Amino acid sequence: MTRIVSTHSYRGGTGKSNTTANVAALLAQRGKRVAIVDTDIQSPGIHVLFQVDPQRLRHTLNDYLWGHCRIEDTAVDVSHALSAQQSTANGGAVLLIPSSIRTGEIARILKEGYDVSMLNDGFRDLGERLALDYLLIDTHPGVNEETLLSIAISDTLVLILRPDHQDYQGTAVTLELARRLEVPQLLLVVNKVLPAFDFRQIADRIASTYRSPVAAVLPMSEELIRLGSGGLFAVMDPSSAYAKGISTVVDLIEA
Ligand SMILES: Nc1ncnc2c1ncn2[C@@H]1O[C@H](COP(=O)(O)OP(=O)(O)OP(=O)(O)O)[C@@H](O)[C@H]1O
Ligand SMILES: [Mg+2]
């Protein structure tokens, strides 16, 4: 059975794509077959973390949604992003289902829309046809059709927020949705926390505000800013506080 894990945040730029990519990499290092679907069709970006050249893609999620190909035809193997000695030897792999970054194709899908049930079928088919242990869904911020669908079908929802009052209010909205849709596992992740802050205090305060446990508090990391989505920081520096936090999230997803 493929487990579905979606990553959400109410506001943009909270760290969804970086978290999803790093979680995928650590799952694969543990021998799991993982695929990531970029459902951020308005502003795709997670392919950048895996250094995928969008010009070289044969198919994207858009092509599948338009009925031009099968969903599995869009998958790109990005396992090279794991460090060499830990890659496929143990059966672990990361596949990416990218969204198109061609202006005309983004405009068309936003204008014409698409049959959302195809996305649902696509997720199911990917799990079966690619023999996945985990299907990770990266999303656009806020609430839209893809958000609702992915929350509804998720085994785990990773909800990311920053220590910011706008994030606090919006997170309550998404959390309420997740509760109504009865998501089995909800993991709150606080990202971009200044290292000078008291992480335990922040985790306790957020857990009690939302009546939901905090899976990890991730530091605002200067190295991550320097990396600028140019790679997977948890793979590059496994002893960093960021990598340890991601690893805790992966432990909980696997529990
Ligand atoms: N813990 C962190 N410390 C420093 N920078 C971070 C951290 N997490 C993410 N970033 C940076 O923040 C920016 C946004 O990250 P990312 O793209 O992962 O967020 P997102 O939630 O997917 O954004 P969007 O809503 O636009 O999809 C990137 O430049 C990334 O490098
Ligand atoms: Mg993103």
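Of the candidates G127, G170, G122, the single residue that is in a helix (DSSP H, G or I), small (G, A, S), surrounded by 16 or more Cβ atoms within 10 Å (Cβ to Cβ) and in contact with a strand residue (DSSP E or B) (Cβ under 6 Å, 6 or more places away or on another chain) is G127.
Within the range 89-109, the presence of at least one residue that is away from ligand 2 (no atom under 16 Å from the Cβ), within 25 Å of S240 (Cα to Cα) and without any contact (Cβ under 8 Å) to a residue 40 or more places away in the chain is confirmed. In this structure, does D133 turn out to be within 16 Å of ligand 2 (Cβ to nearest atom) and in contact with a strand residue (DSSP E or B) (Cβ under 6 Å, 6 or more places away or on another chain)? Considered against the rule, which asks whether it is within 16 Å of ligand 2 (Cβ to nearest atom) and in contact with a strand residue (DSSP E or B) (Cβ under 6 Å, 6 or more places away or on another chain), D133 comes out as no. Within the range 213-250, track down each residue that is acidic (D, E) and within 9 Å of ligand 1 (Cβ to nearest atom). Selection gives E222, E223. Can you tell me which residues in the range 49-86 are of a type in the set (D, E, K, R) and either surrounded by fewer than 16 Cβ atoms within 10 Å (Cβ to Cβ) or more than 29 Å from R30 (Cα to Cα) (or both)? D53, R56, R58, D63, R70, D73, D77 - these are the residues of the range 49-86 that are of a type in the set (D, E, K, R) and either surrounded by fewer than 16 Cβ atoms within 10 Å (Cβ to Cβ) or more than 29 Å from R30 (Cα to Cα) (or both).
Would you check if I160 is among the β-branched types (V, I, T), over 30 Å from H68 (Cα atoms) and buried (at least 20 other Cβ atoms within 10 Å of the Cβ)?
Working: among the β-branched types (V, I, T): yes; over 30 Å from H68 (Cα atoms): yes; buried (at least 20 other Cβ atoms within 10 Å of the Cβ): yes.
For I160, the condition - among the β-branched types (V, I, T), over 30 Å from H68 (Cα atoms) and buried (at least 20 other Cβ atoms within 10 Å of the Cβ) - is met.
Is one or more of the residues making up the range 172-179 of a type outside the set (K, R), more than 24 Å from A207 (Cα to Cα) and within 16 Å of ligand 2 (Cβ to nearest atom)? No, the range 172-179 contains no residue that is of a type outside the set (K, R), more than 24 Å from A207 (Cα to Cα) and within 16 Å of ligand 2 (Cβ to nearest atom).
How about the range 204-230: which of its residues are in a helix (DSSP H, G or I) and within 11 Å of P163 (Cβ to Cβ)? If the condition is that a residue be in a helix (DSSP H, G or I) and within 11 Å of P163 (Cβ to Cβ), then R205, I206 are the ones that fit.
Considering only the range 34-42, I want to know if a residue exists there that is over 24 Å from S229 (Cβ atoms) and either part of a helix (DSSP H, G or I) or modelled with pLDDT of 95 or more (or both).
Scanning the range 34-42 turns up no residue that is over 24 Å from S229 (Cβ atoms) and either part of a helix (DSSP H, G or I) or modelled with pLDDT of 95 or more (or both).
Here H59 fulfils each of the conditions (1) within 16 Å of ligand 2 (Cβ to nearest atom); (2) in contact with a Cys (Cβ under 8 Å, 6 or more places away or on another chain) apart from (1). In the set R226, R205, R211, R162, only one residue is among the charged types (D, E, K, R) and in contact (Cβ under 8 Å) with a residue 24 or more places away in the chain; that residue is R162. Is at least one residue of the range 82-100 within 24 Å of S43 (Cβ to Cβ) and in a helix (DSSP H, G or I)? No, there is no match, as no residue in the range 82-100 is within 24 Å of S43 (Cβ to Cβ) and in a helix (DSSP H, G or I). Does I46 satisfy the condition of being within 22 Å of I109 (Cβ to Cβ), within 8 Å of ligand 1 (Cβ to nearest atom), at pLDDT 95 or above and crowded, with 24+ Cβ neighbours inside 10 Å? When the stated conditions are applied, I46 passes them.
The values are calculated or read from the model by the stated rules, or taken from the named source; none is laboratory data. All figures in this text were calculated on a predicted structure; none of them were measured in a lab. When we count neighbours, we look across all protein chains shown, and the Cβ atoms used for this are built from the backbone with ideal geometry, even at glycine.
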